[in-house]
Every structure is written in structure tokens, then in C-alpha cells.
């Protein structure tokens, strides 16, 4: 996870001194902006409350314009005014605040493309994952009780502002956190009997005065949070390999892949605790080799306010972290950008391979998100 700076963590801790009620009714929110403010920030979701991901979807009211897809996911349509206000420089900021889940969970921000003027249907929409993060182990009664994640997404600005994309689709931003309250119900004061897990805020931070004419966007969603492994979602049984073919109607200039993966499986010997080499191919040519992790998680220790077996009670060296850690609770997952150059019209194939992955006892998974973006 590469994008979150320790300075932001410290700043977050200072900013959280302003008190808020623990259970603010969703219908009572009145601070959402409808267009970019003077500072260039568009707040899409403002402390939206997530609930037990395994439970039946709650019926609590939501702010105007927000759709609750399920307990773990919300979407909101961007207006024409908002889209026209976005500059070419764009950052995505997600802030997660603790409620009644004290474990590390996976979350993401996404973009949903919905047929113009159609009623939102999650199954019919085309989805892009634009940022992934892992929550810290947080005790809501301790400070800091929130953590920010920052992603540079200039390529997203090009999609949001493309005339052809806007003519064909309505654009919705998504925020998802799959939380579970069962441990916190027993371990965290004030959480007995509750099923709310996290608050989530999503901001688009736009560079003002940077609006220029962009080349027309070519966009091909390929995989959205598809869980791959070596036992029930693989091209070859016993091996971790997944191929995806895309058919380009026309040639694409300056094509790039935007790839997000993370390794999960917390059982003994699980994939979370074993760093593996990943190999990415496009049209049978190796384009990228990477091994997740390899960094110290100590900068994120302050936001892990709930005791846990990952951090323990004493600091670890970078070498100790690199011996097992694929990602840090409280950090963002990297977005890996792979340049492909110009592509001809026709069929092309993406393939990812993790040959050393074991998935002991057939547990664990690698959520795979990838899309292709270029110029027409």
C-alpha cells in the first residue's frame, strides 16, 4: 500500500477533536456540497454509515441522492454541474471513521457507469474500482478514530469529463466497506447489540483552473473485484492464473491498464502472511512483475488503536514486516498502472499469474480489478 503518508495520519488525529454524536441519523445530514467548493473539494458521501455486511439490508434513511445497494455499499449519481466543475488534476480522498467493527476490513471506492437515464441497477452497471484500502484495527472510544486514504486519479478526471461517456452513461460514485460487528459487540464499550460498523466519507479534490481539452477516452472495464485463487476461480485447477480477453472496436492510443490486487486469507499459512511474486502479461508479453508489501507498517501503528496480532505490543523492523506483510491495516492498496502503448482494433488478452500461491485448505482469495483506458 503506497499512497497514504504518515503526515496525513497525524493531521487526521488533530482534526478529529471536533465532537460528533455517535449515531447521526443519515437523514439529518445537511453538509453535502452540490458542486466544487472554493477549495476544489466535492464531498460525495459525508460520514455515511455502514452496517453488518452479512445481515439483511437495513432500512435506515439515507441522504438525498444516495442509494444503499446493501449494508456494505452506497452509490450516488454525479450531477452535470459537478462533472463540469472537475478539473484535469484529481485526487480521491476516502476517510473511514470507527464505529462498531474493531477489525481490519477491505473497502473500495468505485465508478459505476449506468445507461443514460436508466434506473440504477448494480447488476446492469459497468463498474471500475478506483481505489482500495484496508481499515485499521480501531477502538471507537480511542483517538485517533479515523483514517484518511488519498489516491491520485487524474485518469478518472478524463473519464468523468469525456463527452461521449457522459452522453451514453450516468456516472455514479461508489463507496464500499464490508464490516462485521460481532467481535466489537463483546469487546468495545457501547457496541453491545449494535450492527453499525464504520462511517465513510468520500471527497473528490480537483485542481482548479486546469480544465483543458482532452483526447476522447477509450474505456474497457475488464474485471471488478473478481476473487481469483487456485481452487474455484482459475483458468487451470491447482494454479493461480486468470486470463481476460477484451475486444477493441477501434484502435486505442496510449493504452494503459489500471490494476488493483491484494492478497487475503488469514488462516494459518494463509495468503495474507506470505508475499508472492505476481506476473502480468498482455498479449503473451510480460508487462509487470511485482511482490506486494515489503514496507514497514509502523507509520500506521497510531491508528491501530485496538490491540491485535498483526502489530503486537512492540515495534517491528522493516525486515520483519517484509517477511510476511502484503499490506498494512490503515493503508491504501497500490493502483498499478501498466503502459501498453498503441493497440490495434480486435482481440487482446490480459493475464495475471501468481505461481507460488498456495491457498492452504482452499481458503483465501485475491480480489482482481483491472480496466483498460486510452485515447481514441
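The numbers here are math on the coordinates, done by the rules we state, and not lab data. In this text, all values refer to a predicted model and were calculated from it rather than measured experimentally. So basically every Cβ, Gly included, is an ideal-geometry build from the backbone, and we count neighbours across all protein chains shown.
The list (i) 32.4; (ii) 24.6; (iii) 21.6 gives values of Kirkwood radius over Cα pairs in Å, and only one came from this structure; which label was calculated from it? The value computed from this structure is option (iii). Under the shape rule built on the C-alpha gyration tensor, where the axes satisfy a ≥ b ≥ c, the stretch 217-375 is prolate, since a/c reaches at least 1.5 and a/b is greater than b/c. Residues considered: 197, 147, 246. Largest GNM mean-square fluctuation over the chain, using C-alpha springs under 10 Å, is found at 246.
Approximating the spin labels as points 7 Å out from Cα along Cα→Cβ, the residue 183-to-residue 277 distance works out to 3.4 nm.
With springs only between Cα atoms under 10 Å, which of 41, 317, 95 fluctuates most in a Gaussian network model of the chain? In this elastic network of the chain, the residue with the biggest mean-square fluctuation among 41, 317, 95 is 317. If the label point is 7 Å along Cα→Cβ of residue 168, which residues in the stretch 251-269 have backbone nitrogen under 18 Å from it? What the label zone holds, given the 18 Å backbone N cut-off, is 251-258. Note on residue 236 and residue 122: the extension gain reaches 38.1 nm, defined as 0.36 nm multiplied by sequence separation minus the Cα-Cα distance. The calculated FRET efficiency for residue 360 paired with residue 81, based on their beta-carbon distance and R0 = 56 Å, is about 0.60. Largest mean-square fluctuation among 131, 364, 200, in a Gaussian network model of the chain whose springs join Cα atoms under 10 Å apart, belongs to 364. Taking other C-beta atoms within 10 Å as the exposure proxy, 94, 358 rank 358, 94 from fewest upward. Estimated at 0.36 nm per residue, the fully extended path between residue 342 and residue 323 surpasses their Cα-Cα distance by 3.0 nm. Note on residue 143 and residue 286: with the Förster distance fixed at 35 Å, the Cβ-Cβ geometry gives a FRET efficiency of about 0.15. Report note on the peptides 220-227, 53-60: ranked by the mean count of other C-beta atoms within 10 Å, highest first, their order is 220-227, 53-60. Of the residues 333, 260, the one with the fewest other Cβ atoms within 10 Å heads the list, and the complete ranking is 260, 333.
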